[in-house]
Amino acid sequence: MFWRRPAKLQADWLIVGLGNPGEEYRLTPHNLGFLTVESLAQDAGIRVVRPEENALVGRGELCGCSAILAKPLSYMNRSGGPVKQLLQRYKLLPERLVVIYDELDLPWGSLRLKQKGSAAGHNGMQSIVDSLGTSEFPRLRIGIHPGHPVANGAKYVLRPFGQAEVQEVQAIVGRAADAVRDMLAEGAEKAMARCNRRDPESLE
């Protein structure tokens, strides 16, 4: 797909957290993208409640930038449609998109910020890549692998967090939100250097 550079931007960034709508999915590994967007919104005083393009969105300022925060309501595997429509609505190129999502191939609690790359088997990301016709946009992956073999990955990513895990998840989400703010404030290279070298077991 050929993306024309818009004459006038309506925002600086579109920040999308991936997940599944519905209370039964809220506190599951597959919804860490949603939880990170909610953390960013709470800290910035942004309400992500307005329905637009089959997503809930909120607009506000993050690190001196005008940002659109979004949670697609299409379910994980069909995230591409809402993301494409939001980029078009706000006249943004894919390079101004940040996607936050869980990654079973990464150790629990680790973060990986990249400026581009393949979907690596993640259905939500593959939907976005297919819809946009490009994989050249920033993304933050949040590791969810428990450190032991997972017999059924689809079942594992949708399991509710145990009570003992919730505080740990809050710390992981806080670090993920920090990584997004670092990227907006300092640029991708500096944010990647800081985020990607952190010890995944250090959740403070």
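Just so it is clear, none of the values below were taken in a lab; they were calculated from the coordinates. Keep in mind the model is a prediction, meaning the values are calculated, not measured. Every residue, glycine among them, receives a Cβ derived from its backbone with ideal geometry; neighbour counts consider all protein chains shown.
Note on segment 126-168: Kirkwood radius taken over Cα pairs, Stokes-Einstein applied at 20 °C and 1.002 mPa s, translational D equal to 160 µm² s⁻¹. Taken over the Cα atoms of segment 1-107, the convex hull encloses 117 Å³ per residue.
So if I average 1/r over every pair of distinct C-alpha atoms in segment 96-197 and take the inverse, what Kirkwood radius in Å does that give?
After inverting the mean inverse Cα-Cα distance, the result is 14.5 Å.
Arranged from fewest to most other beta-carbon atoms within 10 Å of their beta carbon, His145, His122 become His145, His122. With everything on Cα atoms, drop me the angle between helix 32-44 and the longest principal axis of the chain, reported from 0 to 90° to the nearest 10. Helix 32-44 and the main axis of the chain meet at about 60 degrees. Calculated mean residue ellipticity, 222 nm, the chain: -11000 deg cm²/dmol, from DSSP H runs (n ≥ 4) at -39500 (n - 2.57) each, averaged per residue and rounded to 500.
Just want to confirm a number: the relative contact order over the chain, from Cα pairs under 8 angstrom separated by 6+ residues, in percent. Before the final figure, lay out each step's value.
Numbers: 412 pairs, mean separation 50.8, N = 204.
Answer for the chain is 25 percent.
In this structure, the amide hydrogen of Asp102, modeled 1.01 Å from its nitrogen in the peptide plane, lies closer than 5 angstrom to those of Leu32, Gly33, Ile142, counting only residues at least 5 positions away or on a different chain. The shape of segment 71-131 comes out prolate: with a ≥ b ≥ c from the C-alpha gyration tensor, a/c is at least 1.5 and a/b beats b/c.
The angle separating the long axis of helix 163-186 from the principal Cα axis of greatest extent in the chain is about 30 degrees.
Spatial offset of segment 49-112 relative to segment 17-46 amounts to 11 Å, using the alpha carbon center of each. Treating the Cα atoms of the chain as identical point scatterers in vacuum, please give the log10 of the normalised Debye intensity I(q)/I(0) at q = 0.09, 0.14 Å⁻¹, two decimals. Those come out to -0.30, -0.75, one per q.
Please compute the net charge surrounding Glu53, taking Lys and Arg as +1 and Asp and Glu as -1 over other residues with Cβ under 10 Å from its Cβ.
Value of the local net charge: +1.
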